[in-house]
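**Student:** Sharing a structure below in structure tokens format, with a few things to ask.
The values are calculated or read from the model by the stated rules, or taken from the named source; none is laboratory data. No experiment lies behind these values; they were computed from the predicted model shown. Cβ coordinates were reconstructed from backbone atoms using ideal geometry, including for glycine residues, and neighbour counts include every protein chain displayed. Just the protein is used for accessible areas: all its heavy atoms, side chains included, with ligands, DNA and RNA removed. Shrake-Rupley method; radii C 1.70, N 1.55, O 1.52, S 1.80 Å.
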There are 4 protein chains.
Amino acid sequence: MRPIIDTDTAGDDCFSLLLALRDPAVKLEAITICNGNVQFEQQVENALYTVEVAGRGGTVPVHPGCPRPMLRKPLDAAYVFGRDGMSDANFHRAQQRPDDRHAIDAIVDRVMANPGEITILAQAPLTNIAAAYVKEPRIAENLRHLWIMGGTDNALGNVTSAAEFNFYVDPEAAKIVLNAGFRTSVVTWTATVRDAVLSPADLSEIEAMDTPLSRFFTQVNRASVEFSMKTGRLAGSVQPDSVTCACMLDESLVLESADCVIDVEVAGELTRGYSSVSHATLPDQAEADPELGQARGANARVVKRIDTAGYRAMLMKALAS
Amino acid sequence: MRPIIDTDTAGDDCFSLLLALRDPAVKLEAITICNGNVQFEQQVENALYTVEVAGRGGTVPVHPGCPRPMLRKPLDAAYVFGRDGMSDANFHRAQQRPDDRHAIDAIVDRVMANPGEITILAQAPLTNIAAAYVKEPRIAENLRHLWIMGGTDNALGNVTSAAEFNFYVDPEAAKIVLNAGFRTSVVTWTATVRDAVLSPADLSEIEAMDTPLSRFFTQVNRASVEFSMKTGRLAGSVQPDSVTCACMLDESLVLESADCVIDVEVAGELTRGYSSVSHATLPDQAEADPELGQARGANARVVKRIDTAGYRAMLMKALAS
Amino acid sequence: MRPIIDTDTAGDDCFSLLLALRDPAVKLEAITICNGNVQFEQQVENALYTVEVAGRGGTVPVHPGCPRPMLRKPLDAAYVFGRDGMSDANFHRAQQRPDDRHAIDAIVDRVMANPGEITILAQAPLTNIAAAYVKEPRIAENLRHLWIMGGTDNALGNVTSAAEFNFYVDPEAAKIVLNAGFRTSVVTWTATVRDAVLSPADLSEIEAMDTPLSRFFTQVNRASVEFSMKTGRLAGSVQPDSVTCACMLDESLVLESADCVIDVEVAGELTRGYSSVSHATLPDQAEADPELGQARGANARVVKRIDTAGYRAMLMKALAS
Amino acid sequence: MRPIIDTDTAGDDCFSLLLALRDPAVKLEAITICNGNVQFEQQVENALYTVEVAGRGGTVPVHPGCPRPMLRKPLDAAYVFGRDGMSDANFHRAQQRPDDRHAIDAIVDRVMANPGEITILAQAPLTNIAAAYVKEPRIAENLRHLWIMGGTDNALGNVTSAAEFNFYVDPEAAKIVLNAGFRTSVVTWTATVRDAVLSPADLSEIEAMDTPLSRFFTQVNRASVEFSMKTGRLAGSVQPDSVTCACMLDESLVLESADCVIDVEVAGELTRGYSSVSHATLPDQAEADPELGQARGANARVVKRIDTAGYRAMLMKALAS
Ligand SMILES: [Ca+2]
Ligand SMILES: [Ca+2]
Ligand SMILES: [Ca+2]
Ligand SMILES: [Ca+2]
């Protein structure tokens, strides 16, 4: 497997990177950085530091990408992850420095040079992927597969009631990407908040490992756990990015999925970044409202259920090493 | 209790009427008819027939209201309820004829003449209620309470992924009503599809009663049960309108509710009629996106959990009589 | 001619009323008041006072209508017309009092009782007309003709760049009315700001008349003239409402018009209340953008050029009497 | 002057290129091709051929850019310019071949390497410029000046009533670019259709020159002249792109301009690509509608009046050579 991971490195973005970096079967082609969770340059540093912590310093290029969304004002989630995205750990600067090549070019060039070979895991707002497609639409047919962490599955969001962070921050990019014709799998916030939550006991177990990676995990994870508790969202730690990576690395973790029509709202007053996901129990679209016309064909596989235990085991193993 | 029921009489609209008509503690002030489920005049007849079946012919006026939504093209759900809204029962014409007074005036006049006394149960698209408010905004403060069956609770709709029928058909009306300042309780499609489903066993039990009202129920309910089965939505019969009436008649059936900010999308491309419902686990709105500003105060109580057994018992009792 | 004038009485709304009130060939059926220029009750008083000034006190009923727009927050133009809409004249209260019947009912009942006989001049936001149509859609076919002062003709607005006041204040109402199927003529802000401007010389001539009506005109007109000068809009006084009335009373004043598709934007971020008017020089719609489909048929006559001198003469004559 | 011209080469795009190519004071840095008027590869060929016809073959690189708009479906104007964009001239293939470097990179690299030196003339949909900005936002401050041919000045469009072609085809790109912070001048369709029309006499005069460039002009211009006549738009030939180039080359041709707030509608149902241009005669924004808040500062100079004779002379001189 030859993935590129596009990330707004903060919190569980790092553990997603770790899973890929520590898996010997994976040739991580590149890490590309997109605007999102925290200040852009900090995200670059977070990625470089994570590569170093994983013992892979200097082996995987880190390409800075688009520092802001396509059309909307920049927006971050420092309120979740701490100012540095690492629960204010103030890690030292990694030795590896960012690659000169822009994320867009890193993506376009690798995909076009290796038709059918490269997989992308997009775990950030989709600005980089959309901009790469706008530059070179043929990446859609030349990419092996696109894994997206983003959106909701007709359920509560995590920024507004209607929308999940990655789609909310750059809804135009999300809409571009989902309509571009990539072979796509989507892991929604809805699925992860149910199937990818580490319990307080899990977190204690990780802490008790006391390996370098478990210490890294515990440190980086602290702020988002506190945020979840403060908002009463859940007791424990939700891991959307790392679980998406886990599914990519081992598709058997996807216990249930459905081929769906998924699209993103860019015009609403209350629904910026809302993801509409088609559902089998809905009435025939053209019968329910003739103005909608016939439904179009599915454009993505939406992950409906994930093997929580299997994911947990994969993460534990990576942190224990 | 002095309710007005605003209804697009078809399927379980009828059983909602029955609950109110058969409850001796209720003085049903009026039935007002709104565009919605099936052809408008047919809905008027369905209401008149239901009053007759309940043994109340001539005692409750039926006022035809707005025959089409405010801004959008008319839309029905004959694909659910049969062409006549009664599973194509072709009932005879009731003796009672519709009242000359328009639903809007029936609502405005009664509410303004009885400040703080009248309750409205709105179990149809909200055209009539919105139009009454546009005509006389002071009904908002003079109505005792407004019960609305409509919308979703950040969950899958029943017309599109994003929207429930009543809000989808006339989203502008729904938005007007929810922002008008009524004391409001909302029973969403989300709550009813979970807590107000009659099982096949329930339906058999009703059929076995073999009373005039149980036979009426079984006949009228047939088409929507078949529709639910065909779409794989659920085995059994979902009863959004009658459960909302039940909650109004006996508030102890509301096991859980939350004061929320609820609003309706009228501008989206994919999200016509979507209802956004605020949620405690979301981040502070102004922190998550400064452009959204401070969240405004709650404008409705959203019913979160309903006493299914209690509802079922109330319905059974009414049909058995 | 049997017109109803729907008005947000302030500034030149009054002179429109005067033209109709003073024309012996006109049986002014009713005046209906809509939210708009200034505080609602004040507008009612302004209409009553204008009837009195015209020497018609007690002969034409004045019906208060909808005190706020359908969906949007109330908005006024006191910055143009003074707080009382009469350049802060503080006129005495007229003897005639408002009619008890709501404007919506006055419109619906008169139109339905006199099929093909009644004309409406709508010179305010279109809330009343839209609400009347929502209540009774058959007024569309039973009204003789609907004259609308509102919108722009693909040109600069007067509230925002995109929109004229009447359409901006209640865009949903404007959209409802224009798509309702009335026989409609539209006099746009664009036409009036070019063809219905009284020059400073005209204003001096009116002042010099020194009749009761000319004094009324000069007093009421003062604030809006000052506003036009302050904004550099034009030297003189633009008279959108009275020129629309003039065109209704004498259609020969319409020198040029075109049957157009006109519609109103309700979903834009910058274009609330924008009026799109079809134009002969545009490319075939389905060729320019296949997604737009075939253009639909014209729904209104848009007035393109007005006989300025003829209008001026009609106004002068009315004020001189 | 060191301009880059971004063009969807068809019709008068070519004459704009000619003006720059034939001006000895101009070092045309690059030509970049954007989706728009006709099939993308054809536009590349049209640019290469125009360079050759100008006697500059091999001296100016032509960089293909984004072959489709950011978010919307591709759309062309072959109905105006003929299938090949050259009035179906079927010119031979130029010797010069397109540059390998993508337009986005040609723009970003040149601008960043020459801070304050490069000017861009954007005479196509703004996909390339927007994508360059999304990739490297610092081009906004490092570009000397951006000239845009696009939008309307609160007036009739040329695709729909509301919108001009370049903004209509990629409204999101137009919105991104106008809000990016470039030093910007905009020449609207409104200004060009009034001030940049060549009369039939002008066209005859050009034809009578009988130089290679005048013959090229006459051939390429034929289809759009026929289109203008067919739609009754005007007798003659409107030259939006070449007049914008003329203004860039000789700013004294701009007789009147205004610093404005200009923005683009991306959310409307009728107003896709509409350009809102602020105007001095409008009321204070916060007074007219408090929800709009204070107006923001001007973001572009909008050209209001052009020296038609001066433009004509510049074009004639170039074609005569
Ligand atoms: Ca992430
Ligand atoms: Ca109903
Ligand atoms: Ca008015
Ligand atoms: Ca062009």
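**Student:** Among the listed residues D:198, D:282, D:203, identify the single one that is more than 30 Å from residue D:69 (Cα to Cα) and open to solvent by less than 20 Å² (accessible area, probe 1.4 Å).
**Tutor:** Of D:198, D:282, D:203, the one residue that is more than 30 Å from residue D:69 (Cα to Cα) and open to solvent by less than 20 Å² (accessible area, probe 1.4 Å) is D:198.
**Student:** Let me ask you something else. Quick check: anything in segment D:173-182 among the β-branched types (Val, Ile, Thr) and more than 16 Å from ligand 4 (Cβ to nearest atom)?
**Tutor:** Yes; the residues of segment D:173-182 include at least one that is among the β-branched types (Val, Ile, Thr) and more than 16 Å from ligand 4 (Cβ to nearest atom).
**Student:** Can you tell me how many residues within segment A:83-107 are open to solvent by less than 10 Å² (accessible area, probe 1.4 Å) and touching a helix residue (DSSP H, G or I) at 6+ places or on another chain (Cβ under 8 Å)?
**Tutor:** Of the residues in segment A:83-107, 6 are open to solvent by less than 10 Å² (accessible area, probe 1.4 Å) and touching a helix residue (DSSP H, G or I) at 6+ places or on another chain (Cβ under 8 Å).
**Student:** Only one residue in A:251, A:265 is surrounded by fewer than 21 Cβ atoms within 10 Å (Cβ to Cβ) and at pLDDT 95 or above. Which one?
**Tutor:** Being surrounded by fewer than 21 Cβ atoms within 10 Å (Cβ to Cβ) and at pLDDT 95 or above holds for just one of A:251, A:265, which is A:251.
**Student:** Could you tell me how many of the residues in segment D:46-65 are open to solvent by 10 Å² or more (accessible area, probe 1.4 Å) and under 18 Å from the mean Cα position of the chain (by Cα)?
**Tutor:** Matching residues across segment D:46-65 total 1.
**Student:** Residues being more than 16 Å from ligand 4 (Cβ to nearest atom) and either closer than 30 Å to residue D:318 by Cα or within 18 Å of the chain's Cα centre (by Cα) (or both): count how many of those fall in segment D:240-274.
**Tutor:** Number of matching residues: 14.
**Student:** How many residues are in a helix (DSSP H, G or I) and either under 18 Å from the mean Cα position of the chain (by Cα) or within 30 Å of residue D:267 (Cβ to Cβ) (or both) if we restrict to segment A:159-211?
**Tutor:** Residues that pass the stated criteria total 20.
For every residue, the table says whether it meets (1) more than 9 Å from chain A (Cβ to nearest Cβ); (2) out of contact with any helix residue (DSSP H, G or I) (no Cβ under 8 Å at 6 or more places or on another chain); (3) of a type outside the set (Lys, Arg).
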position: B:261; (1), (2), (3): no, yes, yes
position: B:265; (1), (2), (3): no, no, yes
position: B:270; (1), (2), (3): no, yes, yes
position: B:273; (1), (2), (3): yes, no, yes
position: B:290; (1), (2), (3): no, yes, yes
position: B:300; (1), (2), (3): yes, no, yes
position: B:304; (1), (2), (3): yes, no, no
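**Student:** Sticking with this one: I'm told residue D:277 meets every condition in (1) of a type in the set (A, V, I, L, M); (2) in contact with a strand residue (DSSP E or B) (Cβ under 7 Å, 6 or more places away or on another chain); (3) away from every other protein chain (no Cβ under 11 Å) except one. Can you identify the failing condition by its number?
**Tutor:** It fails just one condition, (3).
**Student:** On to the next question. What are the residue pairs meeting all of these: first residue in segment B:43-65, first residue of a type in the set (D, E, K, R), second residue open to solvent by 50 Å² or more (accessible area, probe 1.4 Å) and in a loop (DSSP other than H, G, I, E, B), Cβ atoms under 6 Å, and 6 or more apart or on different chains?
**Tutor:** Sorted first by the residue in segment B:43-65, then by its partner, the list stays empty.
**Student:** Is there any pair linking a residue in segment B:1-12 that is surrounded by fewer than 24 Cβ atoms within 10 Å (Cβ to Cβ) to one that is in a strand (DSSP E or B), with Cβ under 8 Å and at least six apart or on different chains, and which?
**Tutor:** From residues that are surrounded by fewer than 24 Cβ atoms within 10 Å (Cβ to Cβ), the pairs are B:1/B:119; B:2/B:118; B:2/B:119; B:3/B:118; B:3/B:119; B:3/B:120; B:3/B:121.
**Student:** Then there's this: Scan (1) in contact with a Lys or Arg (Cβ under 8 Å, 6 or more places away or on another chain); (2) under 30 Å from residue D:292 (Cα atoms) for the single condition residue C:226 breaks and write down its number.
**Tutor:** Exception for residue C:226: condition (1).
Results for (1) among the hydroxyl-bearing types (Ser, Thr, Tyr); (2) within 14 Å of chain D (Cβ to nearest Cβ); (3) open to solvent by less than 20 Å² (accessible area, probe 1.4 Å), shown as yes or no for each residue.
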position	(1), (2), (3)
C:144	no, no, no
C:147	no, no, yes
C:168	yes, yes, yes
C:171	no, yes, yes
C:178	no, yes, yes
C:182	no, no, yes
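**Student:** Please work out if residue A:101 is touching a residue at least 40 places away in the same chain (Cβ under 8 Å), in contact with a Phe, Trp or Tyr (Cβ under 8 Å, 6 or more places away or on another chain) and not aromatic (Phe, Trp, Tyr).
**Tutor:** No; evaluated as a whole, the condition is false for this residue.
**Student:** Any residue in segment A:280-298 that is in contact (Cβ under 8 Å) with a residue 60 or more places away in the chain and under 22 Å from residue A:126 (Cα atoms)?
**Tutor:** no
**Student:** Give me the pairs, please: first residue somewhere in segment D:207-218 and crowded, with 16+ Cβ neighbours inside 10 Å, second residue anywhere and in a helix (DSSP H, G or I) and acidic (Asp, Glu), beta-carbon distance under 6 Å, and either six or more positions apart or on two chains.
**Tutor:** As it stands, the answer is D:218/D:207, since those pairs meet every condition given.
**Student:** Counting only residues that are within 16 Å of ligand 3 (Cβ to nearest atom) and farther than 21 Å from residue C:272 by Cβ, how many does segment C:101-136 have?
**Tutor:** 3
**Student:** Out of (1) buried (at least 21 other Cβ atoms within 10 Å of the Cβ); (2) among the aliphatic types (A, V, I, L, M); (3) farther than 30 Å from residue A:283 by Cα, what's the single condition that is false for residue B:140?
**Tutor:** All conditions are met except number (1).
**Student:** Look through segment A:219-236, keep the residues that are of a type in the set (A, V, I, L, M) and open to solvent by 40 Å² or more (accessible area, probe 1.4 Å), and return whichever of them is modelled with the highest pLDDT.
**Tutor:** Taking the candidates together, the pick is A:229.
**Student:** Given C:214, C:228, C:224, which one is under 18 Å from the mean Cα position of the chain (by Cα) and in a helix (DSSP H, G or I)?
**Tutor:** Testing whether each residue is under 18 Å from the mean Cα position of the chain (by Cα) and in a helix (DSSP H, G or I) leaves just C:224.
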